[in-house]
Amino acid sequence: MYMTDTELFPIRTVASITGMNPGTLRAWERRYGLIKPLRTETGRRMYTREHIDLVHRMHAMLESGMGIGQVSQSLQGSVHRETPTGDTWMVWRKRMSSAVSRFDEPALERLYDDALATHPLDRVTSRLLLPLLAELGDRWESAEGSVAEEHFFATFLRNKIGARFHHRAVLTGGPMLLGACAPGEHHEIGLLLFALAAHDAGMRSVLLGANTPLADLPVVCRRAECDAVVISSSMEPSPEFLAEGLRSLVRRARRPVFVGGDASVRHRDAIVSAGAIALGTDIPLGVRRIAGELSPHKQTN
């Protein structure tokens, strides 16, 4: 299978994002045929975002106690069941998109509740809510929709997330994370969802929201006694952020700095070169990665 126009990632990037060893990825391809990467003319493996999503699914199934054979059978059975009826998540997105285009909040509320009644929250978030938010942004950029639709849906999600924050239990222990959106990043939904997932994993957070200057973070980190900094960046970051800005933050914060969102996939090498850790776009996996990095045996204070 040869290269296409879609965004592609080498095996080392996929391994870094998913936490899976490159040898394991190759074995899954050779022995089970579960992952079939694209190939360059020289035979180099290249992976799409769909491949990365599949690796995340397999990783989660393995961690739940399933054997690789069971994972293989489950995924093949899932493909067989879903193919005749199409992409279930695509149907959900179209219905919610239609409700958004009409600015019909009651309909949006019903669809949201129905999705949560049949699927776990993390899956609804990763397969429905975040892709729809990105889709609305693309529609605005291509003049097929409007910025009002994106704002309407973002406000709806922010209210839902805010209600969950309000009812969460207050944690008195656990690592403290300083969360902020990168400079120029005005989409804070991903950061809020990450903070909720981190809370469920026993971590606390101080959130600064959208478009936060990196220079302010080290001071906040010290005053709030944070154990790590988490930057959310879904839009294309500035060259200054990827170069001196991020490098200076790592040096001044003196704590691990993590970068999540689409930018952490597209610019993994630059992020790592600056001394930060690229988390990718999978929120549960990112939370586990941070928990592992902050485990007691890794602390170097």
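Restricting attention to the stretch 272-287, the residues that are at pLDDT below 90 and either of a type outside the set (Gly, Ala, Ser) or farther than 12 Å from PHE258 by Cβ (or both) total 5. Note on the stretch 133-164: residues that are part of a helix (DSSP H, G or I) and modelled with pLDDT under 75 total 5. Hey, does the stretch 163-171 have a residue that's of a type in the set (Val, Ile, Thr) and more than 19 Å from VAL259 (Cα to Cα)? Within the stretch 163-171 (the criterion being of a type in the set (Val, Ile, Thr) and more than 19 Å from VAL259 (Cα to Cα)), the answer is yes, since at least one residue qualifies.
Take the conditions out of contact with any helix residue (DSSP H, G or I) (no Cβ under 7 Å at 6 or more places or on another chain) and under 18 Å from PRO213 (Cβ atoms) and apply them to SER238. Does it pass?
The answer is yes for SER238.
Screening the candidates ASN211, ASN159 for the property of being assigned by TED's automatic domain parsing to the domain that holds ASP114 and not charged (D, E, K, R) yields one hit, ASN159.
Out of the residues in the stretch 203-230 that are in a loop (DSSP other than H, G, I, E, B) and touching a residue at least 40 places away in the same chain (Cβ under 8 Å), state the one that is nearest to ALA276 (Cα to Cα). Per the stated criteria, the residue is ASP227.
Annotation for the stretch 75-94: no member residue is outside the structural domain of VAL287 (by TED's automatic domain parsing), over 22 Å from the mean Cα position of the chain (by Cα) and at pLDDT 75 or above.
Yes/no matrix, rows are residues, columns are (1) buried (at least 17 other Cβ atoms within 10 Å of the Cβ); (2) touching a Cys at 6+ places or on another chain (Cβ under 8 Å); (3) within 22 Å of LEU121 (Cα to Cα); (4) among the hydroxyl-bearing types (Ser, Thr, Tyr):
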| position | (1), (2), (3), (4) |
| --- | --- |
| PHE153 | yes, no, yes, no |
| GLY174 | no, no, no, no |
| LEU196 | yes, no, yes, no |
| HIS199 | yes, no, yes, no |
| SER205 | yes, no, yes, yes |
| VAL219 | no, no, no, no |
| MET235 | no, no, no, no |
| SER238 | no, no, no, yes |
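Tally the residues that are under 24 Å from the mean Cα position of the chain (by Cα) and surrounded by 13 or more Cβ atoms within 10 Å (Cβ to Cβ), restricting the search to the stretch 37-53. Result for the stretch 37-53: 10. Restricting the first member to the stretch 94-108 and to residues that are farther than 10 Å from PHE153 by Cα, and the second to residues that are of a type in the set (A, V, I, L, M), the beta-carbon pairs closer than 7 Å and six or more apart or on different chains are ARG95/LEU111; ALA107/ALA99.
The values are calculated or read from the model by the stated rules, or taken from the named source; none is laboratory data. Being a predicted model, the structure only gives us computed values, none of them experimental. Heads up, the Cβs are rebuilt from the backbone with ideal geometry, glycines too, and the neighbour counts pull from every protein chain shown.
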